[in-house]
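Read the figures in this text as sums done on the coordinates, not as results from a lab. Just so it is clear, the structure is predicted and the values come from calculations on it, not from any experiment. Quick reminder, even Gly has a Cβ in these numbers, built from the backbone with ideal geometry, and neighbours come from all protein chains shown.
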Amino acid sequence: MTAQIAYADVEVGTELPAQTFPVTRATLVQYAGASGDFNPIHWNEKFAKEVGLPDVIAHGMFTMAEAIRVVTDWVGDPGAVVEYGVRFTKPVVVPNDDQGATIEVSGKVAAKLDDNTVRVDLTATSAGQKVLGMSRAVVRLA
Amino acid sequence: MALDQSFVGRTYPPTEPYEVGREKIREFAEAVGDANPAYTDQEAAKALGHPDVIAPPTFVFAITFKAARQVVADPQLGLDYSRVVHGDQKFAYRRPVRAGDRLTVTSTIEAVKSMAGNDILDVRGEVHDEAGEHVVTAWTKLVARAAEEA
């Protein structure tokens with residue numbers, strides 16, 4: 001494992017470069033195929049509304065996959081992630097247009113731990129709402 | 001009706017091995033729009049110290065969730081899967097999943113709770129490779145929302 005960020009260079013409060021991830025209906029169809037999660041709430045508007053959702057929503061696991069990219073892009077080596085957990089607090093609603101939705105993710109070093117690891121706390125929002133809670137990753141630095 | 005507490009601690013038999021394919025990893029990385037070369041380029045992965053291309057951190061969920069489905073669908077447990085939403089997800093990695101891995105999952109029910117009419121199920125999936133080495137543990141919290149009053 002070869003992280004490209006050195007433990008010694010990081011302090012509590014260090015901010016990771018924030019990123020914005022687009023998600024359209026096409027993204028969700030592609031993710032459904034790649035992940036094997038074909039729940040119709042992620043591609044069938046009629047079904048989604050029938051079960052009480054405002055519209056089609058992104059897979060929680062898609063949002064989780066995007067959020068960790070702020071960490072993996074920062075360290076370079078995705079294999080440096082030791083722990084990663086989230087709570088799915090609000091759905092990412094994806095309208096049926098060319099724009100779709102965006103997921104905005106920022107991250108900050110919250111603690112320096114043993115063994116060259118740090119805890120990064122992530123914030124993920126869509127349409128101004130927090131979509132992940134307790135979103136934390138532990139990553140091993142160089 | 002509240003779920004049966006006696007299911008806490010129940011462990012299900014390990015799944016048949018899932019063979020992690022290079023192209024499946026590529027497909028997943030493309031689906032999440034992640035161009036990190038460690039997912040697709042063996043040389044790039046080796047330069048980072050991995051023996052082969054690795055999978056994105058959340059890739060393994062497809063495997064552990066499929067395993068958890070056997071728990072969720074256990075007729076004795078009686079969970080209404082049509083009302084289930086994903087509450088929390090956590091992973092602890094011993095090493096990244098990589099191409100060529102043959103992974104088995106052993107699922108255990110860690111907790112069963114009823115809160116405000118919702119049934120909450122915590123399932124832990126222990127993922128091992130063909131050599132029996134631990135690769136990753138996945139914790140999945142599923143919430144079966146209360147049925148509306150008829």
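Total residues in the range B:113-123 satisfying the condition of being of a type in the set (A, V, I, L, M, F, W, C) and surrounded by 21 or more Cβ atoms within 10 Å (Cβ to Cβ): the figure is 2.
Are there any helices (runs of 4 or more DSSP H) wholly within the range A:35-75 with 2 or more residues that are in contact with a His (Cβ under 9 Å, 6 or more places away or on another chain) and within 9 Å of chain B (Cβ to nearest Cβ), and if so which?
A:60-67
Residues that are at the interface with chain B (Cβ under 7 Å from one of its Cβ atoms) and of a type in the set (S, T, Y) within the range A:76-96 comprise just one, A:Y84.
Among the residues making up the range B:29-57, those that are under 20 Å from the mean Cα position of the chain (by Cα) and at the interface with chain A (Cβ under 7 Å from one of its Cβ atoms) are B:A31, B:V32, B:I54, B:P56, B:P57.
Being touching a Phe, Trp or Tyr at 6+ places or on another chain (Cβ under 7 Å) and more than 9 Å from chain A (Cβ to nearest Cβ) is the filter here, so list the residues in the range B:64-101 that pass it. B:Q70, B:V71, B:V72, B:A73, B:L77, B:V97, listed by residue number.
Total residues in the range A:83-142 satisfying the condition of being surrounded by fewer than 22 Cβ atoms within 10 Å (Cβ to Cβ), part of a loop (DSSP other than H, G, I, E, B) and of a type in the set (V, I, T): the figure is 1.
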